[in-house]
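These notes concern the structure reproduced below.
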Amino acid sequence: MMFDPLWLLLAAPGLILSLWATFFVKSTFAKYSKVPSRRGLTGAQAAQVMLETSGVQGVTIHRAAGWLSDHYNPLTKTLNLSEGVYDSTSLSAIGVACHEAGHALQHAHGYALMGVRSALVPATNIGSKVSYVFIFIGFILQSQRMILLGAGLFSVAVLFALITLPVEWNASARAKVAMVRAGVVTQQESYDAGRVLNAAFMTYVAAAVTALLQLLYYLIRAGVFGGRRSN
């Protein structure tokens, strides 16, 4: 395939935003990694106290490999914290750990969008991979219909990225309130820990913007916004 200036035009904003978001979250996490919490709880302990105070039971906390690989698995009710979060007493670690605990709160309280996002995971994993096959074939054969089919499959991944935004924001909002109520951090410490969560949220914004622009490119090349369509 020849180089397409339109692809560069639409890809550049997403790439720039992604690079900035990655730098922002790394620098913010590093800054508050040097600030210990007054109570001295580790990330794992903070999450446990927050869950217990909030009346959430049955959630197990595990140590996970990788940098900021932290996540909550609603299927197994496990909260997996990276090594830099699990054992650290910094405000960064507590913020991340309590954010993941916020997902456990969502699960326990039946937060609808979290259920929708979880239900979309299998379709997203399959659709995002298969979509590129149809899109690639469509470009090779110059078939807008084939590209459109691939774009349709890719739209599931876009929907997943968009639904992720309110889910992640809500988890952080719950965490910011619950960590103070549980006595894990003070109100001021919650504000500082919240800066880490706000920075991390920008990575999800960048992912959603990138996915939307990518879908827009496919739709334009499929002739959805005018132009001649082919088989």
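The values are calculated or read from the model by the stated rules, or taken from the named source; none is laboratory data. Predicted, not measured: the structure shown is a model, and the values here were computed from it. With ideal geometry, Cβ positions are generated from the backbone for all residues, glycine too; neighbour counts draw on all protein chains shown.
Only residues that are among the aliphatic types (A, V, I, L, M) and under 15 Å from the mean Cα position of the chain (by Cα) were counted across the range 58-80, and they come to 1.
Going residue by residue through the range 119-131, is there one that turns out to be within 30 Å of Tyr191 (Cβ to Cβ) and β-branched (Val, Ile, Thr)? The answer is no, given that none of the residues of the range 119-131 is within 30 Å of Tyr191 (Cβ to Cβ) and β-branched (Val, Ile, Thr). Of note, Asn170 satisfies the criterion of being more than 26 Å from Phe3 (Cβ to Cβ), touching a residue at least 40 places away in the same chain (Cβ under 8 Å) and not aliphatic (A, V, I, L, M).
Annotation: Val177 fulfils all but one of (1) surrounded by fewer than 17 Cβ atoms within 10 Å (Cβ to Cβ); (2) under 29 Å from Gly152 (Cβ atoms); (3) aliphatic (A, V, I, L, M); the unmet one is (2). Restricting Val209, Val133 to residues that are of a type outside the set (S, T, N, Q) and without any contact (Cβ under 8 Å) to a residue 60 or more places away in the chain narrows the list to Val133. The residue pairs whose first member lies in the range 6-17 and is more than 14 Å from Leu215 (Cα to Cα) and part of a helix (DSSP H, G or I), whose second member is among the aliphatic types (A, V, I, L, M) and modelled with pLDDT of 90 or more, and whose beta carbons are closer than 6 Å, counting only pairs six or more residues apart or on different chains, are Leu17/Ala206; Leu17/Val209.
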